[in-house]
Number of protein chains: 2
Amino acid sequence: MTDPVVVVGGDAAGLSAASKLAREDPDRAVIVFERGAWVSYAHCGIPYYVKGEVDRLDDLLSLTPDEVDDRGIDLRRNHEVVAVDTDAGSVRVEGPDGAFDRPYGDLVVATGARARSDPVSGSDLDGAFTVHGLDSAATIRAALTPPAAFAVEDLGGEDFVDREAAEHYGAMDPPETAAIVGGGYVGVEMAEALSAWDLDVHLFQRSSLPLAPFGDAVGEAVADHLADRDVTLHLGESVRRLLGDGGRVSGLVCDDGTTLDVGLAVVGVGVAPNVEVLADTPVELGDSGAVAVDEYGETSVPGVYAAGDCAEDRHVVTGAPAWVPLGLTANRAGRAIGATLAGTPTEVGRIAGTAVVKAFDQECGRAGIVDPERARREGFDPVAETVTAGSRSGYYPGNAETTVTLVADRDSGRLLGGSIVGTDRAAIRIDTVATALEAGLTVGEVERLDLAYAPPFSPVWDPVLVAAKVLGGSLDG
Amino acid sequence: MTDPVVVVGGDAAGLSAASKLAREDPDRAVIVFERGAWVSYAHCGIPYYVKGEVDRLDDLLSLTPDEVDDRGIDLRRNHEVVAVDTDAGSVRVEGPDGAFDRPYGDLVVATGARARSDPVSGSDLDGAFTVHGLDSAATIRAALTPPAAFAVEDLGGEDFVDREAAEHYGAMDPPETAAIVGGGYVGVEMAEALSAWDLDVHLFQRSSLPLAPFGDAVGEAVADHLADRDVTLHLGESVRRLLGDGGRVSGLVCDDGTTLDVGLAVVGVGVAPNVEVLADTPVELGDSGAVAVDEYGETSVPGVYAAGDCAEDRHVVTGAPAWVPLGLTANRAGRAIGATLAGTPTEVGRIAGTAVVKAFDQECGRAGIVDPERARREGFDPVAETVTAGSRSGYYPGNAETTVTLVADRDSGRLLGGSIVGTDRAAIRIDTVATALEAGLTVGEVERLDLAYAPPFSPVWDPVLVAAKVLGGSLDG
C-alpha cells in the first residue's frame, strides 16, 4: 500500500490540497500535521475582528476540525513537523504524546509565513504584538478591552484560544496611545481597527508613503485619508526599538531620536516564509528565500510539493518566480496540488500580485508591476500614467474620484501593472487589470475593452479605460 | 481645399468623432448637423432624472453647445440631414432657414436609434411615452408631478426643453397607476423610477422573465426583487394596445384579454436604428438592419463612416457583425473614426455586449453570449453553470449572495459569456468576464485568474472564480 500524502500545515494551502485530494481520490490516505490549535482560519479577517466588526474569533474559521475530519482527512492538531528526510521519505513529528517518524508517499509543505519582528527590538515586550494567527488577534482585542468589560468567552473560539494569554491582557487597563510600526497593508488595516477603540493611533512608516507596493498615487491618497481620520502619520521614520517598563511596552525610539510614549505596539514590518523544516533537505529555495516550485507546485525533489505563503509562484508579467504570500493563490495552489496528487495534473497558476486593502473609506488595489524601478530591473522600459476619473456618471449620486495608475512597456505596449484608489467600489476594479495582465493585453487592447457602463455603477469610460486612453496617448507620443 | 467632414447626429458617437478629429487635426473643418435641440446627452441617465435622483435635465448634458463650439466644431442644431448623395458627396439638410445641400469630404453617420412603439398601438396617446431623448424625460417627469408643485423651470434645461409639451403634462393630475410595457433594461429602470412617485406600477413582459439578454438566473432574481418592491409583474403577457379616453391613455389590453386601467404608460419594447437617411444610397446595411461597417467603422462606401446606435460592431466571441446599441461603444467608435480621419487609422474595437443595469437594489451585469440557444446558432456547444456565492468574506458585514452564470464551449473550453446579479457591488464584476472574453480566455484560465481578495471586498474565491471552478468541473466531466 502506498504511504499516505502528508501535508505540513493546516491552513489555506494545506487544507485545500488535502480537501481536493480527499474528494478526488478518497482511497488515498492524507494526514495533515498542524503545529497549532487553529486550522483553516482567515488571516485577512484579523483586523476586522480586532476592530469589532467581526464579533467572534471562530467567525474567522473556514472549517472546524470536525468538518475537516468529515472530509476524510486525518488532521493532527498540535503536531509539529520538525524535520523532513526526503531520502527516507518521512517526516519527524513532535506531538502531545512525544515524537515519531511518519513515512510519506508524497509530501505537501504548506508551512506558511510568519510575521517578522526582528528589525524592531523589544517586540517581545508585553503589549507588543505582531498580527499573525488567531491567538495574536485574541490578545490584541483583550488588550484593548477594559477589564470590567472583558470576558474570555466573548472572544469566541474558546475551544482553541490561548486562554492564559487572553486573560493576562484582559486584566490590563487599555492603552491610551498605540503605535503601529510599518505602513504596509497590515499596518493600514490595523490603523483602522485600533482607531475604533478610542485611543490615539500613530503609524510609523520607514519610507515616505504607506502601502509602498501600491505606488505613490495610492500611498498619497491613503496618507491624506489616514490623517483625516486622526491617525498620526510618522512617514520617513524608522522605529529602532520599543521601550519597556516592568516588562510592558511603554514607548518607542526612532532612528532619528524621536520618542513616543505608547501603551500598545503592533509591529507589521513584513513576513518571512517558514522554510526551516526543509533546512537539511535538498529541496531548493528560490532567490526570495521561499521554496522554489515548478508550474505544478512540485519542488526540486520529486514527490515533494510546496504551496501557499512558504512557496514561490510564477509571475504573470515576468514569467519568473516571485514570492507574494496572499490568500487566494495559497488556496488555489493547494487545490491544484491536491488535484495533481489525485491523478489530474493541474497547474497552480500564475500570480499577478493582485492585492486590495481597505483604509477606512479608501479602497485600494494593485496588480502586476507598479513600481517603474522594478519594471526596469525586469528588462522593461516602463511608461506610467495616473488619472483621476469618476466612479459613476458625474450626475449620479455617489460618484467619487477614482485614481488609476497604469504602467506599460514602451516597446511592446504591453500592460505591466496598475493600481487604483477611491471610495466608491474602487478596489474591485483592479480585477480588470489583473485579468488583462493574465491575458497579456496591450494598453491599446485595454483601451478598447467593452466594460460595464450604467450611471449608478460606472461612467461611460470606466476609470481604467480613462487611464488606458491617456497611457495609450503617451505611448504613441 | 478639402470639403469638410460632415457628421450626422450630435450625440455620443457623432460628437466623439468630431471632438477627436478637431483635437488631432485642427485644420480639418468639421460640421455636425443635429436635428434636435439637445446634443451630447446621457440617455442612460433618464430613468434617474425621472426618479428624481438627478435633479435637472441639464445635469445629463455631457457638453453644452458652447463647449462644442469651443472645440472648433461647427455645430448646427435643429438641422436635419434628410438625404445623402454618396455619388455627389453631399448631404441635403433642412434647417430653420430652409433646405440646402452641403458637400462633404468624409461623412460620419451617427444618427442613433429610436425607441420602437409600433408593436403597441395607442402609443401616440397623451400619457403614453417612450423613453428616448430628453424631451421625453421632461414630459414623463412633468406628468408625474402634481400641478401645484410643477414649474417648468424646475425641470432644468430651459434653453432646450420643449416647453409646450412639458407644461401640457405639468397641468395634468398625476396618474395613480402606471404600466410599463417591456421588461428590458429600460422597463426595469423605469419601474424603479416610477415607484419613487407613490403610484401603482405594473410591468408587462411578453416572455416569462424580465431582462431576457441577462439570462434566467438574473431574470429570476430581478423578478423576485421587483415583486418585493411592490411592482406588479405581468410575465408572459403581451400588451396589444393602449386604450384612450379623450385622447389620453386610460388603460391597456393584453393579447389574452387582460385589461388594466392606467393613467400613464411607458413603452419600452426595443429600439430600431435610424438608417432611413441612407435609404437611397449604396451604403449597405447588415442583417440586423443597422449599418454594416468594417473594423475602422467605414461603410461599404469609401469615405462614409457609421458609428453608434445606428451601426453594427464586431462581436468579440463570434467575430461576426452584431448590433448592440450602447453608450460606451458609441463613444469609442466615434472617437476611433475621428482619429482615423485625422490620419491615424484606429480600430473601433470589438463589442462583448457588456451591459449592466440596476433594478432597485439588485445589480445586474451580462457580457458575451449568455443564451445557450444563441451559442448553438453560432456554432458552439455550450455548457453553462450558475452558482451563488458570497460577495465578501462570509464573516464580514455586508456580505451578500451573488449569482454568477458562466457559459463556455465544450470543445475548446473557451468562455462564451456570463451574467451576474446581486446587491453588493455585483454589476462591476462583469468587467472580469468582459475582459476575459476580449482576451479569448478559456474557463481554465479564468479559474486561475489572480483576482482581488480582501474581506471587505471579496471572498477568497471571487464569485466569478467560483463559477469558473464549477464550470471547469462540468467541462472535465
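Annotations for the structure displayed:
- B:V407 vs. criteria more than 20 Å from the chain's Cα centre (by Cα), outside the structural domain of B:A223 (by TED's automatic domain parsing) and crowded, with 21+ Cβ neighbours inside 10 Å: yes
- Set A:R335, A:R350: member being in contact with a His (Cβ under 7 Å, 6 or more places away or on another chain), within 14 Å of another protein chain (Cβ to nearest Cβ) and open to solvent by 10 Å² or more (accessible area, probe 1.4 Å): A:R350
- Failed condition for A:T344, given (1) free of Cβ contacts under 8 Å to residues at least 40 places away in the same chain; (2) in a loop (DSSP other than H, G, I, E, B); (3) within 11 Å of another protein chain (Cβ to nearest Cβ): (1)
- Within the stretch B:47-58, restricting attention to residues that are of a type in the set (D, E, K, R) and buried (at least 18 other Cβ atoms within 10 Å of the Cβ), the residue that is nearest to the other protein chains (Cβ to nearest Cβ) is B:E53.
- Counting only residues that are more than 9 Å from every other protein chain (Cβ to nearest Cβ) and either in contact (Cβ under 8 Å) with a residue 60 or more places away in the chain or assigned to a helix (DSSP H, G or I) (or both), the stretch A:36-46 holds 6 of them.
- Apart from one condition, B:A359 fits all of (1) touching a residue at least 60 places away in the same chain (Cβ under 8 Å); (2) in the same structural domain as B:G472 (by TED's automatic domain parsing); the exception is (2).
- Any hit, the stretch B:398-414, residues being at negative phi, among the small types (G, A, S) and within 12 Å of chain A (Cβ to nearest Cβ): no
- Residue within the stretch A:291-303 that is in a loop (DSSP other than H, G, I, E, B), more than 13 Å from chain B (Cβ to nearest Cβ), of a type outside the set (S, T, Y) and in contact (Cβ under 8 Å) with a residue 60 or more places away in the chain present: yes
- All positions within the stretch A:214-268 that are over 25 Å from the mean Cα position of the chain (by Cα) and hydrophobic (A, V, I, L, M, F, W, C): A:L243, A:V249, A:L252, A:V253, A:C254, A:L260, A:V262
- Looking only at the stretch A:415-426, and only at residues there that are out of contact with any Phe, Trp or Tyr (no Cβ under 8 Å at 6 or more places or on another chain) and open to solvent by 10 Å² or more (accessible area, probe 1.4 Å), the one that is nearest to A:A212 (Cα to Cα): A:T423
- Taking the criterion of being more than 11 Å from every other protein chain (Cβ to nearest Cβ), open to solvent by 30 Å² or more (accessible area, probe 1.4 Å) and in a loop (DSSP other than H, G, I, E, B), the only residue of the stretch A:359-377 that qualifies is A:D371.
- Of all the listed residues (B:T340, B:T344, B:T329), the sole one being open to solvent by 30 Å² or more (accessible area, probe 1.4 Å) and either more than 26 Å from B:E295 (Cβ to Cβ) or outside the structural domain of B:R229 (by TED's automatic domain parsing) (or both) is B:T344.
- The residues listed here are B:S288, B:S250; of these, the one that is more than 25 Å from B:A137 (Cα to Cα) and surrounded by fewer than 23 Cβ atoms within 10 Å (Cβ to Cβ) is B:S288.
- Checked against the criterion of being more than 19 Å from the chain's Cα centre (by Cα), surrounded by fewer than 24 Cβ atoms within 10 Å (Cβ to Cβ) and in contact (Cβ under 8 Å) with a residue 60 or more places away in the chain, the candidates A:V8, A:V93, A:V68 yield just one match: A:V93.
- The number of residues in the stretch B:347-358 being touching an Asp or Glu at 6+ places or on another chain (Cβ under 8 Å) and part of a strand (DSSP E or B) comes to 5.
- Checking the stretch B:427-437 against the condition returns a match, with at least one residue being acidic (D, E) and more than 23 Å from A:A12 (Cβ to Cβ).
- With respect to (1) in a helix (DSSP H, G or I); (2) in contact with a helix residue (DSSP H, G or I) (Cβ under 8 Å, 6 or more places away or on another chain), the lone exception for A:V387 is condition (1).
- Selection status of A:Y104, aromatic (F, W, Y) and under 27 Å from the mean Cα position of the chain (by Cα): no
- Scoring B:V54 on the criteria (1) in a loop (DSSP other than H, G, I, E, B); (2) of a type outside the set (D, E); (3) under 28 Å from B:H168 (Cβ atoms); (4) modelled with pLDDT under 95 leaves a single failure, condition (4).
This table checks each residue for (1) open to solvent by less than 40 Å² (accessible area, probe 1.4 Å); (2) assigned by TED's automatic domain parsing to the domain that holds A:G133.
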{"residue": "A:L233", "(1), (2)": "no, yes"}
{"residue": "A:S238", "(1), (2)": "yes, yes"}
{"residue": "A:L242", "(1), (2)": "yes, yes"}
{"residue": "A:G246", "(1), (2)": "no, yes"}
{"residue": "A:G257", "(1), (2)": "no, yes"}
{"residue": "A:D261", "(1), (2)": "no, yes"}
{"residue": "A:L264", "(1), (2)": "yes, yes"}
{"residue": "A:L278", "(1), (2)": "yes, no"}
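- In the stretch A:448-463, the residue that is surrounded by the most Cβ atoms within 10 Å (Cβ to Cβ) out of those that are facing chain B (nearest Cβ under 8 Å) and not in a loop (DSSP other than H, G, I, E, B) is A:S458.
- The stretch B:338-356: number of residues that are in contact with a Leu (Cβ under 7 Å, 6 or more places away or on another chain) and under 30 Å from B:G187 (Cβ atoms): 3
- The one condition in (1) in a helix (DSSP H, G or I); (2) within 20 Å of the chain's Cα centre (by Cα); (3) within 23 Å of A:R116 (Cβ to Cβ) that A:G334 fails to fulfil: (3)
- Test for B:A426: is it small (G, A, S), over 28 Å from the mean Cα position of the chain (by Cα) and either at the interface with chain A (Cβ under 7 Å from one of its Cβ atoms) or on the phi < 0 side of the Ramachandran plot (or both): no
- Considering residues of the stretch B:17-35 that are open to solvent by 50 Å² or more (accessible area, probe 1.4 Å) and either under 30 Å from B:P174 (Cβ atoms) or not in a helix (DSSP H, G or I) (or both) only, the residue nearest to the other protein chains (Cβ to nearest Cβ): B:P26
- Residues in the stretch A:431-444 that are of a type outside the set (A, V, I, L, M, F, W, C), within 26 Å of B:P325 (Cα to Cα) and within 7 Å of another protein chain (Cβ to nearest Cβ): A:D431, A:T432, A:T435.
- Selection status of A:G334, small (G, A, S) and on the phi > 0 side of the Ramachandran plot: no
- Elements of type helices (runs of 4 or more DSSP H) in the stretch A:125-225, at least 3 residues being touching a residue at least 40 places away in the same chain (Cβ under 8 Å) and open to solvent by less than 10 Å² (accessible area, probe 1.4 Å): A:134-144, A:185-195
The values are calculated or read from the model by the stated rules, or taken from the named source; none is laboratory data. Keep in mind that this is a model prediction, so the values were computed, not measured. Don't worry about glycine lacking a Cβ; one is built from the backbone with ideal geometry, like all the others, and counts go over all protein chains shown. We work out accessible area using only protein heavy atoms, side chains counted, and drop any ligands, DNA or RNA first. Shrake-Rupley method; radii C 1.70, N 1.55, O 1.52, S 1.80 Å.
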